[in-house]
1. Can Cys412 be described as touching a residue at least 24 places away in the same chain (Cβ under 8 Å), in a helix (DSSP H, G or I) and surrounded by fewer than 17 Cβ atoms within 10 Å (Cβ to Cβ)?
2. Tell me the residue from Arg24, Arg44, Arg29 that is under 33 Å from the mean Cα position of the chain (by Cα), basic (Lys, Arg), open to solvent by less than 70 Å² (accessible area, probe 1.4 Å) and within 21 Å of Ser164 (Cα to Cα), please.
3. Kindly list the number of the only condition in (1) of a type in the set (A, V, I, L, M); (2) open to solvent by less than 40 Å² (accessible area, probe 1.4 Å); (3) modelled with pLDDT of 80 or more that fails for Val402.
4. Open to solvent by less than 40 Å² (accessible area, probe 1.4 Å), in a helix (DSSP H, G or I) and modelled with pLDDT under 85: does that describe Ser289?
5. May I ask you to list the residues in the range 130-176 that are small (Gly, Ala, Ser) and closer than 30 Å to Gln22 by Cα?
6. Report, by residue number, each residue of the range 227-245 that is touching a residue at least 40 places away in the same chain (Cβ under 8 Å) and either under 31 Å from the mean Cα position of the chain (by Cα) or surrounded by fewer than 18 Cβ atoms within 10 Å (Cβ to Cβ) (or both).
7. Give the residues of the range 295-321 that are modelled with pLDDT of 85 or more and either surrounded by fewer than 19 Cβ atoms within 10 Å (Cβ to Cβ) or small (Gly, Ala, Ser) (or both), sorted by residue number.
8. Give the residues of the range 47-65 that are open to solvent by 70 Å² or more (accessible area, probe 1.4 Å), closer than 28 Å to Phe143 by Cβ and either not β-branched (Val, Ile, Thr) or not in a helix (DSSP H, G or I) (or both), sorted by residue number.
Amino acid sequence: GAGADNDLYINQAIVFIEDAIQYRSINHRVDSKSLWLYRWYYSRTCQWILSLTITVILALAFIEEPSSLTVTSDVRYRLPAWNPPCGLTESIELLCFLVFVVDVSVKSYLIGWKEFWKNKWLMAFILTLIVSLTDWIVSLSFFCKESVRIRRILRPFFLLQNSSMMKKTLKSINSTLPEMASVVLLLAVHLSLFTMFAMLLFARTKDNQQDKEWVVYFRNLPESLTSLLVLLTTANNPDVMIPAYSKNRAYSIFFILFTVLGNLFLMNLLTAIIYNQFRGYLLKSVQSSLFRRRLGIRAAFEVLSSLKETPASAQQSCVSIGALLQVLQKAEMDSRCKQAIMRSLKMCSCDQLSAAQFQKLFEELDKDAIKQHPPSPEYQSHFMQKMQFAFGHPYFGYLGNVVALANIISICVVLVMDADKQPSERDDFFLGAINCFFILYYLLEMLLKILAMGLKRYLSYPSNRFDGLLTVILLILEIATFAVYGFPHPGWRPEFMGLLSLWDMVRLVNMLIVFRFLRIIPNMKFMALVVTTLLDLVKNLRAFAGILVVVFYAFAITGIMLFKGAVVPLGNTRILKQSSQGAEFTGSCTSFSIKKVVVLYFKEKNVIAWYSAHFQAEVIYCLLHVLSVHLIYRWAKIYFVAWWLISSVIWVNLFIALLLENFIHKWDRRCQRESLSDIEYQRTVELMFRDVLEEPTEEELMEKLHQHPHLQLCR
């Protein structure tokens, strides 16, 4: 009936608006059951379970063999790590796989069969699950003894496919790769040419004493290329040029030219290209997000205009305010935006909204999040008004900064004076006294600010919350110090008592005082701009941090599998155990033990008696181990060069590009917007480019809506 149709249209509008808020695609099923399943899938509980599952399956690497559950990472001293029994981590993995199977099944059903074949991410998700489950079965059939587990490398994909922003970022990076490849190719040509020059310049001569450069760095083509590649990272500078420079100062010209061309020109050129290209592709990605938002809002308008209560005589489609209020009450959206839209609706004099009015209402989603501070208390007393003016004035804050600076200087003076003293010679009276004085001032300053501003207004400023929290902690520590050790006096050196010694407590207090000095940042506009830029990167660029986790995780798991057993700690094994009965092999091969075996076998074989063929077989095993380690070392270069290219060359430059973009955007807005002390603006990645985005046209929106695979519009 008409009532059931109206309920369906209302639910469709709710889902479309929620899609617009989250920049989600609207190309999914829109029948009643599918809408219920869709909202359940994107509910906080369901998404929290999915995020927890991804976290658990990624964290399994820390307890799987080789386990990382040890206090120290030094393999010479750490105790044997606990390795879980076969089947424990595999059972947890299976539960995670079942959650992912449900995840991909729900996604595939909701978008429909036709859209499924167009979605490469979902197909890759299914393929990853199939490979992972196959590898899981193989692992159990070998009783968890296999050394290669392909599914461990594939785990970061689950994190990647669950974030739309990470997928957009990865797509942008992929689009930028051709331009980056041109500069990387130029770097390769630069390396190759200078490698040839180096091999010709530092060729072997008859004088072995003068051939140190050739012996250590330029013996052959792979070693020469590696030496210059490492020089490009400045990791072996100036070591690589010292032998040649000791022979002739003119050789330094070669290394200077290589460094200037490679580091100052080519690497910075790569940064410039990445900044220029990636900004363009990220802008396109944000533009598509804006189109999704506008499309979702327009889809909500179209389905609401199909309600039976809409007047049939209307020449153009319109939506009743009552229907929109009903949708807003049920939709999951930010309370600030919801209240702003409802206020606009109450101020509207008409009963029906056109498409343009409907779209304009939801432009509230695109605005900066504005936080307005509560008003200060109004005092009737003239004396209290003067107090409020004095202690609420910015100059009172500046005075507090000067006092904090004086506190830091006094701590530095005491630390310099006591730097060479033994703990028994140190007198903590002066440091304890000045700490007591400054902490009392900080407490008085906090109370006077609360008096002038009111508690709510005081706590509404992040700098005040930071300042007040540290002041309270300092006061508690100071009271605890006095309670345990008494008040400061000359020769104040009590013995160790309680949880911390006096010096430990004083150091802790002073570290917090130094940390408290960061309160000056909001008062220095340029420094505040830099800090807010960094904070915005931390808050808004989670997608980049996620891809960085993916890269680190994949390379870490690959490195564990590639280099397992390649290096054995020297302090854990010995290869020979001399006894009255001869030499006996007792341990695995290390770099020290291999050398010892080679010396014994080749230089002293006429002296040492070989009592068993088993020992000789072990020696041959060690020699083969030498060859395998040498082979691994050569191939390891490819692994580490790939890691350097991805993490240092590409990823660091991408981060620099986004840092520059965020900083330039904030700097431009700072120049345009007048400073308002009572208002704070909070930006997101989408809002960074809001000023240069193009609004989609009416024709583009309607054409896209008519292509919806599951939605049939009336017009």
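The values are calculated or read from the model by the stated rules, or taken from the named source; none is laboratory data. For clarity, every value in this text was computed on a predicted model and none was experimentally measured. FYI the Cβ positions are ideal-geometry reconstructions off the backbone, even for glycines, and counts take in every protein chain you see. Accessible surface areas use protein heavy atoms only, side chains included; no ligands, DNA or RNA. Shrake-Rupley method; radii C 1.70, N 1.55, O 1.52, S 1.80 Å.
1. Here the answer is no, as Cys412 does not meet what is asked.
2. Working: Arg44 fails: open to solvent by less than 70 Å² (accessible area, probe 1.4 Å); Arg29 fails: under 33 Å from the mean Cα position of the chain (by Cα).
Answer to the check: Arg24.
3. With respect to (1) of a type in the set (A, V, I, L, M); (2) open to solvent by less than 40 Å² (accessible area, probe 1.4 Å); (3) modelled with pLDDT of 80 or more, Val402 is out only on (2).
4. On the way: open to solvent by less than 40 Å² (accessible area, probe 1.4 Å): yes; in a helix (DSSP H, G or I): yes; modelled with pLDDT under 85: yes.
Yes.
5. Initially, the range 130-176 is screened for residues small (Gly, Ala, Ser), giving 132, 139, 141, 147, 163-164, 172, 175.
Within the range 130-176, Ser163, Ser164, Ser172, Ser175 meet the criteria.
6. Answer for the range 227-245, where residues must be touching a residue at least 40 places away in the same chain (Cβ under 8 Å) and either under 31 Å from the mean Cα position of the chain (by Cα) or surrounded by fewer than 18 Cβ atoms within 10 Å (Cβ to Cβ) (or both): Leu229, Leu232, Thr233.
7. Gly296, Ala299, Ala300, Ser305, Ser320, Ile321
8. Let us first name the residues in the range 47-65 that are open to solvent by 70 Å² or more (accessible area, probe 1.4 Å), namely 48-49, 52, 55, 62, 65.
This time we only want the ones that are closer than 28 Å to Phe143 by Cβ, so: 55, 62, 65.
Result: Phe62, Glu65.
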